[in-house]
């Protein structure tokens with residue numbers, strides 16, 4: 001049984017962390033499998049969007065497998081390509097949607113924060129409780145939460161260690177949609193397919209510019225925007241989109 005299961009639906013790849021007996025906690029095997037999959041998908045011209053979820057209905061991921069860490073797997077869990085779980089320090093060019101199927105705490109929350117969009121089950125909860133154990137959220141939670149939430153809210157989560165539920169996460173803009181568990185994957189795939197219906201090159205550059213612009217002065221952000229414009233507006237897809245519109249047919253994207 002694979003610790004990360006893979007399924008392809010059209011241009012969408014589904015990755016499932018498959019350790020429900022351990023609340024999908026991350027050991028070295030999961031990190032390696034995730035890193036390998038994302039390495040491959042980054043170069044796969046037929047993959048335009050990734051959906052990441054966990055097996056079962058209890059947890060998206062409980063974060064680091066502490067038993068595995070205690071037996072010496074720490075380097076394999078944290079030090080692989082892409083950082084923790086193979087994703088938290090990865091600059092992945094294609095959209096990733098987290099389908100959060102249960103509790104999303106500690107490192108699990110940090111995996112979610114490494115994704116671009118989030119669809120959550122109604123019973124999901126989110127938080128970084130590391131301070132309750134004398135630790136800090138070292139996998140990106142302290143970096144990304146203040147970018148996704150108002151600072152005061154991010155600080156409350158980090159300093160109290162208390163979680164928020166899916167409804168509150170939706171209200172705050174941390175997640176995009178909240179749905180019943182039995183509709184979770186369908187809703188995540190519907191969102192992925194909406195994205196995959198668009199020109200993949202334009203989608204990737206849109207993601208790149210928006211994420212980089214958050215940390216840049218406006219003048220530098222405009223330089224990134226101009227770089228994207230130069231690439232996208234001279235692409236084959238930029239010619240195909242208006243042509244398909246004029247001919248009243250669906251576009252056939254090439255991703256170049």
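Yes or no: residue 192 part of a helix (DSSP H, G or I), closer than 30 Å to residue 240 by Cα, assigned by TED's automatic domain parsing to the domain that holds residue 58 and touching a strand residue (DSSP E or B) at 6+ places or on another chain (Cβ under 7 Å)?
Working: part of a helix (DSSP H, G or I): yes; closer than 30 Å to residue 240 by Cα: yes; assigned by TED's automatic domain parsing to the domain that holds residue 58: yes; touching a strand residue (DSSP E or B) at 6+ places or on another chain (Cβ under 7 Å): yes.
Spelling it out, residue 192 is indeed part of a helix (DSSP H, G or I), closer than 30 Å to residue 240 by Cα, assigned by TED's automatic domain parsing to the domain that holds residue 58 and touching a strand residue (DSSP E or B) at 6+ places or on another chain (Cβ under 7 Å).
Given (1) under 30 Å from residue 136 (Cβ atoms); (2) outside any helix (DSSP H, G or I); (3) touching a helix residue (DSSP H, G or I) at 6+ places or on another chain (Cβ under 6 Å), where does residue 255 come up short, assuming only one miss?
(1)
Confirm whether residue 25 is in contact with a strand residue (DSSP E or B) (Cβ under 9 Å, 6 or more places away or on another chain), in the same structural domain as residue 10 (by TED's automatic domain parsing) and over 22 Å from residue 177 (Cβ atoms).
Spelling it out, residue 25 is indeed in contact with a strand residue (DSSP E or B) (Cβ under 9 Å, 6 or more places away or on another chain), in the same structural domain as residue 10 (by TED's automatic domain parsing) and over 22 Å from residue 177 (Cβ atoms).
Checking the conditions here, which among 73, 110 is on the phi < 0 side of the Ramachandran plot, without any contact (Cβ under 8 Å) to a residue 60 or more places away in the chain, touching a helix residue (DSSP H, G or I) at 6+ places or on another chain (Cβ under 8 Å) and buried (at least 24 other Cβ atoms within 10 Å of the Cβ)?
Exactly one residue qualifies, and that residue is 110.
Can you tell me which residues in the stretch 113-133 are closer than 29 Å to residue 201 by Cβ and either buried (at least 24 other Cβ atoms within 10 Å of the Cβ) or free of Cβ contacts under 8 Å to residues at least 60 places away in the same chain (or both)?
Listed by number, the residues that qualify are 113, 114, 118, 119.
Does any residue of the stretch 58-69 turn out to be surrounded by fewer than 20 Cβ atoms within 10 Å (Cβ to Cβ), without any contact (Cβ under 8 Å) to a residue 40 or more places away in the chain, touching a helix residue (DSSP H, G or I) at 6+ places or on another chain (Cβ under 8 Å) and over 22 Å from residue 105 (Cα atoms)?
no
Among the listed residues 172, 157, 184, 142, which satisfies the condition of being under 19 Å from residue 96 (Cβ atoms) and surrounded by 15 or more Cβ atoms within 10 Å (Cβ to Cβ)?
184
I'm checking my understanding of the structure. Among residues of the stretch 37-57 that are touching a residue at least 12 places away in the same chain (Cβ under 8 Å) and assigned to a helix (DSSP H, G or I), which one is nearest to the chain's Cα centre (by Cα)?
Filtering the stretch 37-57 for residues that are touching a residue at least 12 places away in the same chain (Cβ under 8 Å) and assigned to a helix (DSSP H, G or I), the one nearest to the chain's Cα centre (by Cα) comes out as 38.
The values are calculated or read from the model by the stated rules, or taken from the named source; none is laboratory data. Quantities reported herein were computed from a predicted structural model and do not represent experimental measurements. FYI the Cβ positions are ideal-geometry reconstructions off the backbone, even for glycines, and counts take in every protein chain you see.
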